[in-house]
Structures are given as C-alpha cells and as structure tokens.
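The values are calculated or read from the model by the stated rules, or taken from the named source; none is laboratory data. These numbers come from a predicted model, not from an experiment. Here Cβ is always computed from backbone atoms with ideal geometry, including for glycine, and neighbour counts include all displayed protein chains. What goes into the accessible areas is simple: the full protein's heavy atoms, side chains included, and nothing from ligands, DNA or RNA. Shrake-Rupley method; radii C 1.70, N 1.55, O 1.52, S 1.80 Å.
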Amino acid sequence: MPTPSFGQQLAHTDKKVRDRAIVMLSKFLGENPEISDMDLCKLCYGLFYCFWMSDKVAVQNDLAQSIGSLVLHLEPLLALRYMSALWRVMVLQWTGIDHLRLDKYYKLLRTLHYFGFRFLERMGWEDEYLDEYLGILRSGPLEQQESKVPDGLKYHTVEVFLDELEKSTSNNFEQSVGTKLALFMLQVLVESDNHVLQARIIDAVQPRLTAVSAGRRYPCNQNDINVFILKHTDGGLNGGAAKQLKELLSEDVPLVPEDEGLKAFSELLKKESKKQSELRKRKHGEDAGDDVEGADEVKDATPDLPTAKVKKVTFGKDSVKTFSKKEPILQKQQSNGPKLRRDSHPMKGAKKSKKK
C-alpha cells in the first residue's frame, strides 16, 4: 500500500477506517524498515490527525498507547527515526491545537516520553541509544536556538520528563543513567535564557536530589551534580539561574574537585555548612542547657573570604550573608557610635537662643 494512501487512512473521518489503519501500521513499518524520512513524517502527520479525531477519553487513551508503544515493536534504528519524526510533527503542529484538545495532547506527550524510556530500558540503557534519544529531544521540544518551538511545549517536556522516567522504570536503573539524565536537564537550564523554563527545571530536579520519595532516592552521583553546578555558577550565568542552581548543592556529599578553584570553594562550603548548622541549633533552642563546644567561636566567627564584596552562600532553604574582615568592624562602629536626632543638632539650639 503506498504511503500517502496509508497516511490518509490514518487521518480519515471514519473511525473504522482509522482503527484498521492503526492495526496495520506496525506491520507496514516492519515490512518497510528503509522507509524514507519524508514518508515517515507523512505517516506521523496521519497519526497526529488520527489523534485529533478521537473524542472519547477511553479511545484517546487506547490510541495514545498504540502510537507510543509502537517503538517497542520496531527495529532500534527505525524506532529512533519514528520518535524523531513524531516530535518534529508535534513541534510544527503544536500552535494549531485549540484549547479544547490541548489536554488530550498533553496525555499523548506523556505517553511518548513513557515509551521512550521503555525503549531505552529494552536496549539496556546503552550510551549509543541514550545519547541519540536525548539528541532527539534537544533538536525537538527542547531546541534552544529555534524560536519555532512553543514555550508551552518546552515547559511540559521538562515537567514530565523525570516523572515518566520514574513511572516507566520505578528508578530501577544504574546510577550513571540517572546522573546523565539529571545533567541533561541542568544543561538545558544553563543554555536557556528563559527564566520560567529554568525555574521549572529546578522544580523538577530539586525534589529528586534533596529528598527521599517513597523511601527511595533518585539514583545519581551527587558529586558529579555538585561539580557541574560549581563550574557553571562561577561567572557566565545570570544571577537568578546561578542562585537556583546553588540550591541543588548537597552538603551531605563530599566534593571531589577537579582543580584548585573548586577545591577552595568546596572547603568554604563545608566550613560554612558546619557553622550554619551550629547557629541553627542555637537559634531554635535544640541544644538549650547543653554546653556546645566552641559555641562562642561559632558565634563570633566570620568567614575569611579573599575579597571585601558581600556574598550569599545558600544551603537548601537557609541562607546567610558572609562578609570580609572589614565589614563586621564597620557594623560595630555604627552600632556603638552616638545616634544623633535631627532636633539635637547643636546649631539648632544656638539659633533658638539668639531669637530669645
């Protein structure tokens, strides 16, 4: 059956014709693994409008499963080309979706992510296929250079990316895979100048790196995450993104730096982490009545930073301003010096006496 005719059957107004074409689709692609990219895109256009025609929720769910699960029944290279063509069509057609159909297409996108990870799991998470899949997303819904990609599609992609990973695998994958996927998200954040996209990436990544969900932690190498963050927050990144990235730093994991600059920064972080931990205990009265060894030193200590510029060191939700050696001296002089009121100026008293 010629490809154009088959694509027309997928987008037919008669549901019976569409259903018959969906059943034949897997067999058709299996018999034509060398199908051209142009014809594959035509088929994906047919699938897009086939989903457009579906109205009932049950029909939509079944059709989304059929479209997404097709990658599990194709040869690996054809499956990757099929996913690439689907995402290309989604990017081009997204702005034409009306608000009444938007929710069901969000469901379809979730299903595509879900079976994308199922495909990678089936291939043993090999770097060749994982890199190719991430490249498809980078050139599709997460493309940063092209303005053709709608922001709504980007936002939804980063929001559901790790959710569907957990659903499809239950976090049963190697630590290296989890690290690579987390760094992929952070790399998108670093390369983007969209503040909303950056914030949504942080919202998606932070809970998995800082909290235990359902008794299981997201498997990744926190040391690699820390090194990546320190490298990309040392200049060249706008202040808001740098601040958000620093919130992902883990104070529980020892940093293994790659150069002296990172080593110095690591030592400062550990020093500040220890001091802030003691200060928080004293503030909340957790150690009331107990003698804390070195409490006076902690209270009076000030970090010895190389510059006199005020910096902000962030640990999770708590933050503290650190100053150079000169800053506390200025504060002490201001607090201990005489406070003059406007009506206490000596010249004002002199003028009043002359009038009298």
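Summarising the amide proton neighbourhood of residue 221: residues at separation of 5 or more, or on other chains, whose placed amide H is nearer than 5 Å comprise 179. Taking only the C-alpha atoms of region 126-218, the Rg (one decimal) and the largest Cα-Cα distance, Dmax (whole number), read 13.3, 41 Å.
Rolling a 1.4 angstrom probe over the protein heavy atoms with all chains in place gives region 1-96 an accessible area of 50 Å² per residue.
Restricting region 18-93 to trypsin sites (Lys or Arg not before Pro) that sit in a DSSP loop and have at most 11 other Cβ atoms within 10 Å of their own Cβ leaves 56. Out of the GluC sites (Glu not before Pro) in region 32-135, which ones are loop residues according to DSSP with at most 12 other C-beta atoms within 10 Å? Answer in residue order: 34, 126. Sticking with the crude label model, points 7 Å out along Cα→Cβ, report the distance from residue 196 to residue 107 in nm, one decimal please. For the pair residue 196/residue 107, the computed spacing is 2.5 nm. Between residue 221 and residue 16, the distance separating the two model label sites (each 7 Å from Cα on the Cα→Cβ line) works out to 5.9 nm. Amide H to amide H, with H built 1.01 Å from N, residue 144 comes under 5 Å of no residue 5 or more places away or on another chain. Among the listed pairs 107/180; 27/56; 56/154; 27/148; 180/231, those whose Cα-Cα separation exceeds 23 Å are 107/180; 27/56; 56/154; 27/148.
All C-alpha pair distances within region 51-180, sorted into 5 Å bins from zero, spread as 2, 10, 21, 23, 22, 14, 6, 2, 0 percent across the bins.
Taking 0.36 nm per residue of separation and subtracting the Cα-Cα distance, full extension of the segment from residue 38 to residue 5 would add 10.5 nm.
A simple rule links phi to the HN-Hα coupling: the Karplus curve 6.51 cos²θ - 1.76 cosθ + 1.60 with θ = phi - 60°, which for region 163-179 gives 4, 6, 4, 5, 5, 7, 10, 6, 6, 8, 8, 5, 4, 5, 5, x, 5 Hz, with x for Gly and Pro.
Residue by residue, region 101-110 carries 3J(HN,Hα) couplings of 9, 5, 5, 6, 6, 4, 5, 5, 5, 4 Hz when phi is fed to the Karplus relation 6.51 cos²θ - 1.76 cosθ + 1.60 (θ = phi - 60°); x denotes Gly or Pro. Rounded to whole numbers, the Karplus 3J(HN,Hα) couplings from phi for region 57-65 are 4, 5, 5, 4, 4, 5, 5, 4, 5 Hz, using 6.51 cos²θ - 1.76 cosθ + 1.60 with θ = phi - 60°, and x at Gly and Pro.
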